[in-house]
1. So which of B:LYS36/B:LYS94; B:LYS44/B:LYS94; B:LYS94/B:LYS278; A:LYS64/B:LYS278 end up more than 31 Å apart by C-alpha?
2. From zero up to wherever the largest Cα-Cα distance of segment B:152-208 sits, split into 5 Å bins and tell me the percent of pairs in each.
3. Can you tell me the FRET efficiency between B:THR101 and A:ASP125 if r is taken as the Cβ-Cβ distance and R0 is 56 Å, rounded to the nearest 0.05?
4. What is the order of B:SER72, A:SER60, A:SER76, fewest Cβ neighbours within 10 Å to most?
5. On a 0 to 90 degree scale, rounded to 10, what angle separates helix B:26-40 from the longest Cα axis of chain B?
6. In percent, how large is the relative contact order of segment A:1-88, given Cα pairs closer than 8 Å and 6 or more residues apart?
7. Against the globular-protein guess of 2.2 N^0.38 Å, express the Cα radius of gyration of the protein assembly as shown as a ratio, rounded to two decimals.
8. Please list, in chain and number order, the residues 5+ apart from B:GLU117 or on another chain whose amide H is under 5 Å from its amide H, with Hs placed from the backbone.
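All of the numbers you see were taken from the coordinates with simple rules; none came from a lab. Keep in mind the model is a prediction, meaning the values are calculated, not measured. Cβ placement follows ideal geometry from the backbone for every residue including glycine, while neighbour counts extend to all protein chains displayed.
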Amino acid sequence: MSATDRPLPTPTGDSEAFWRACKKEMLTAQRCADCGRLQFYPRRYCTSCLSERLEWSTLSGRGKVYSHSTVFRALSPAFQKDIPYIVAVVELAEGLRMMTQIVECAPEAVFVGMPVEVTFDHVSDEIALPKFRRAEAKQP
Amino acid sequence: MKDPSGRAAIVGIGRTEGPRTPGVNSLQLHAEVARKAILDAGLKLADIDGVLTAGCDEPTYCEEVAHSAVLSEYMGLKPRFTYTIDLGTPVFAKMVEVAATAISAGLCRTVLLACAEPTVSRASRTQAVEKMTAFGHPEFELPYGVSIPAFYALIARRHMHEYGTTGAQMARVAVAMRRHAGLNPWARFRDPITVEDVLASPMIADPLHRLDCSITTDGGAALVVTSLDHARDLPHQPIVYLGAGQGYSHEHLVAAPSLTSFAAVESGRDAFRMAGLKTGDVDIAFLYDNFTIAVISQLEDLGFCGAGEGGAFVEAGHIDLGGRIPVNPNGGLLSEAHPGRPGGIFHLTEAVAQLRGACGERQVRDAETALVHGVGGIMSNHATVILARA
């Protein structure tokens, strides 16, 4: 089974720029030019003020584990060979939360509040999934 | 309680009695429970002028046709008020509100509402589980392999972190549901379990074990709602609809404003306000127990205990039969039955049966008022109804 058997994102008009940036290993989010709010996931209008003036902002890629779960039983066969794997909600330094996976980390080592940084998993020619690893693992 | 005059009441219930319904399709199963409910109400086909359903999982009866119309034709019903309501799993609670509101507005007099699915018998168990657990944002959740149990595990982990809730406290919810199911001859699982059993069951998505997760069965139910004035002429003691609420904060967990408090807060608050009651007036609570943590969360958000106190509340036995606020005396989605979309409708039929005083060994003594709460998505979409003996 190849990696592409897993469900992959199909970029939409809202998210194309996000996935293009991921391919270049940059984590981005929309910022509203009118009210200044950041929003994730990408959408056509600002969910705070309905503005259509959304601009792309590059994020630090750093944050903390907000919650986590190690999956021992993959209910989709596509993830069967990955178990156990850690899914998590990461709260980014900018305040946004993302659903993601924690990689390069033993299940028993992950904890709420663990500092993490983004790392990109190039799962296809087009898609690099932003995942996170322990921030200390960063090479100087 | 506010004056119930001018209100609607539930006068008939019909349900599947056991975990499997082999050899029938979704439409037949809808008709089976609908027939039971109409007969239970002491009514005839011609008395039903409203029909509400929630759709079905068999494309033959749902694609490009109105499901409630298909059921009406199949049964020989000619409703002047009919909808298929697409609201996910809390739909059963919403259907009561829509029926009662339509009756009060004079749009119709007597409404049949039904939801049923031969979920397991039609597919393999594996397919049924896959169907019931495939959920998530296609771009920002599904690629990470987050199953429905894993979403609830993320909620559980955060609750543990913020409030010190323990795995044993969550397990205690499953123990209570199993104890109740032991008194319910129709329940899928009836043998008692202990906290240790739950904690020793295979880990699905840490911290949730298999026995923290609801089961998979066939099943469904139907109810008949009419005006209270009409209800007084019918065989059963009317069970009056007192109030409802709905709340919504997100669809996908990635967009949830909080992982520890959800829109049950607004849903419950509005239902209590409409009913003119407070939590202390409720004799039985029917909470959506798809996972053990969900019960703890609803106890807090609906105000049965304070934020963060749900674990200790459950551990103290307060949700057990005989406890301060018995929860799901039928055994719930964790032990009685969970056919997917229709799952919560058994909470509704059990609430009516309990308020009628017809539940034998598992009867909550002198039960006069019940709250029924449904949850859809990942603690996303909430609906509450409050019912009382007339």
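1. Numbers: B:LYS36/B:LYS94 21 Å; B:LYS44/B:LYS94 25 Å; B:LYS94/B:LYS278 20 Å; A:LYS64/B:LYS278 39 Å.
In this structure, A:LYS64/B:LYS278 lie more than 31 Å apart at Cα.
2. The distribution over segment B:152-208 is 4, 20, 23, 21, 16, 10, 4, 1, given as percents.
3. Values: r = 53 Å, r/R0 = 0.95.
Efficiency at R0 = 56 Å is approximately 0.55.
4. Details: B:SER72 20, A:SER60 11, A:SER76 17.
Lowest to highest Cβ neighbour count: A:SER60, A:SER76, B:SER72.
5. Approximately 60 degrees, to the nearest 10.
6. Working: 105 pairs, mean separation 19.3, N = 88.
Reported as a whole number, the value is 22 percent.
7. 0.99
8. B:GLY219, B:GLY220
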